[in-house]
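This report concerns only the one structure given below.
The values are calculated or read from the model by the stated rules, or taken from the named source; none is laboratory data. These numbers come from a predicted model, not from an experiment. Note: ideal-geometry Cβ built from the backbone for every residue, glycine included; neighbour counts use all protein chains shown. Note: areas computed on protein heavy atoms with side chains; ligands, DNA, RNA excluded. Shrake-Rupley method; radii C 1.70, N 1.55, O 1.52, S 1.80 Å.
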Amino acid sequence: MRTEWLESFWITADTRSLSKASEQLHMSQPALSKQMRKLEEELGASLFKRTSSGVELTKAGEILYKEVQPLLQKLQSIQREIILTEEWTSVTVGTWPSIATSYLPYKLAEAKTERKINVKISYSYHDIFDYLKSGEVDAALIDDQFISHTYWSKPLFTEDFYLFLNADHSLAKKEEVSFSEFENEPLVLLPEGCDVRSSIERAYSEKGKDLPISTEIDFGQSIIGFIHANLGMSILPKIFIDHARGSHVKALKIKGIDLSRQISLVARNDKLGKQLYALLFQ
């Protein structure tokens with residue numbers, strides 16, 4: 001029984017959807033279905049039954065779902081201990097400013113590792129993939145959902161986008177806002193080429209709307225300052241809420257539009273990717 005089959009089963013059971021699980025696992029749905037069939041053959045029992053909304057667990061599936069997470073955690077712990085016995089030279093990770101500020105430092109602190117890990121920052125995913133190709137970085141933390149590549153990749157987390165606006169704005173009284181309520185409002189945005197901007201452009205395009213831009217700024221933290229000064233509103237990932245704390249800026253949930261990003265660990269080869277994942281993100 002292969003560990004990757006169990007990991008795929010757990011994600012499929014957790015999402016209750018083969019399509020969502022295949023997206024998270026960065027594999028085709030037929031490939032995931034084949035893995036689940038192999039696992040069922042190995043166990044001699046059906047684990048899922050299809051429904052109109054996705055998949056549901058059978059009784060056998062419920063038993064495996066209950067038991068598999070502690071098993072995977074134990075295997076991950078063993079893997080981490082083994083990796084810590086391996087020697088390596090310094091590793092450089094490329095990522096965006098928001099991830100380098102509000103996510104990666106805490107993962108490095110939690111890992112309590114003496115391994116030297118350098119960080120190279122760019123707001124452009126094009127630049128980061130160029131760094132991977134040239135060897136300037138060994139791995140990256142990036143949203144690669146809509147990017148075709150052949151590197152090893154492992155999803156880490158998904159986060160929704162929020163509407164950030166000055167607390168005195170009329171919409172700020174709400175806790176949730178519909179896309180139609182702000183679709184024509186000029187936005188302060190990150191420049192072209194970054195994942196946030198690309199996601200917003202894609203969402204507006206799907207709605208048949210042009211993207212209304214008032215100002216472009218290279219760094220999200222500066223956008224928060226513009227909003228605080230009542231110079232516009234913006235759409236940013238949830239991670240920016242930390243940057244807005246203590247300011248005159250409010251973040252609202254958005255309904256009526258699909259806006260989110262999935263941050264993955266992307267590495268130049270399988271061995272390094274698995275080592276970094278076990279060391280920092282399990």
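Just to confirm, what accessible area per residue do you get for the stretch 1-136 at 1.4 Å probe, in whole Å²?
About 61 Å² of surface per residue is accessible.
Distance between the C-alpha centers of the stretch 154-189 and the stretch 54-132? Whole Å please.
29 Å
Below 19 Å, Cα to Cα, which lysines can Lys38 reach? Residues fewer than 8 away in the same chain don't count.
Of all the lysines, those that pass the test against Lys38 - Cα under 19 Å, at least 8 places apart if same chain - are Lys49, Lys59.
With mean projected area of the Cα convex hull in nm² in mind, check (1) 21.5; (2) 16.6; (3) 22.4 and report the label derived from this structure.
(2)
Taking all protein chains in place and a 1.4 Å probe, what share, in percent, of the accessible surface of the chain do carbon and sulfur account for?
Exposed carbon and sulfur together represent 46 percent of the surface.
Using 1/(1 + (r/R0)^6) with R0 = 25 angstrom and r between the beta carbons of Asp218 and Tyr106, what's the FRET efficiency to the nearest 0.05?
So, using R0 = 25 Å, E works out to roughly 0.60.
Taking trypsin sites (Lys or Arg not before Pro) that fall in a DSSP loop and have at most 11 other Cβ atoms within 10 Å as cut points, what is the longest piece of the chain between them?
117-244
Per residue of the stretch 127-133, in order, report the coupling 6.51 cos²θ - 1.76 cosθ + 1.60 (Karplus, θ = phi - 60°) as ³J(HN,Hα) in whole Hz, putting x for Gly and Pro.
Result, ordered by residue: 4, 5, 5, 5, 4, 4, 5 Hz.
Estimate the FRET efficiency between Glu192 and Lys66 by the formula 1/(1 + (r/R0)^6), using the beta-carbon distance for r and 41 Å for R0, to the nearest 0.05.
After rounding, the FRET efficiency stands at 0.30.
Averaged per residue, what accessible area in Å² does the stretch 162-282 show with a 1.4 Å probe, protein chains only?
On the way: 5440 Å² over 121 residues.
Using a 1.4 Å probe on heavy atoms only, each residue of the stretch 162-282 averages 45 Å².
Excluding residues on the same chain fewer than 8 positions from Lys20, give the aspartates and glutamates whose Cα lies under 18 Å from its Cα.
Glu4, Glu7, Glu56, Asp143, Asp144, Glu159, Asp160, Asp258
When DSSP assigns beta bridges and you keep just the ones with both residues in the chain, what percent turn out antiparallel, to the nearest 5? Kindly include the intermediate steps, with their values, before the conclusion.
Values: 25 of 40 bridges.
Just about 60 percent of them are antiparallel.
Nearest 0.05, what FRET efficiency do Lys173 and Ser33 give at R0 = 51 Å with Cβ-Cβ as r?
My answer for the efficiency is 0.60.
Which entries in Lys112/Lys274; Lys238/Lys271; Lys34/Lys207 show an alpha-carbon gap greater than 29 Å?
Result: Lys238/Lys271; Lys34/Lys207 exceed 29 Å.
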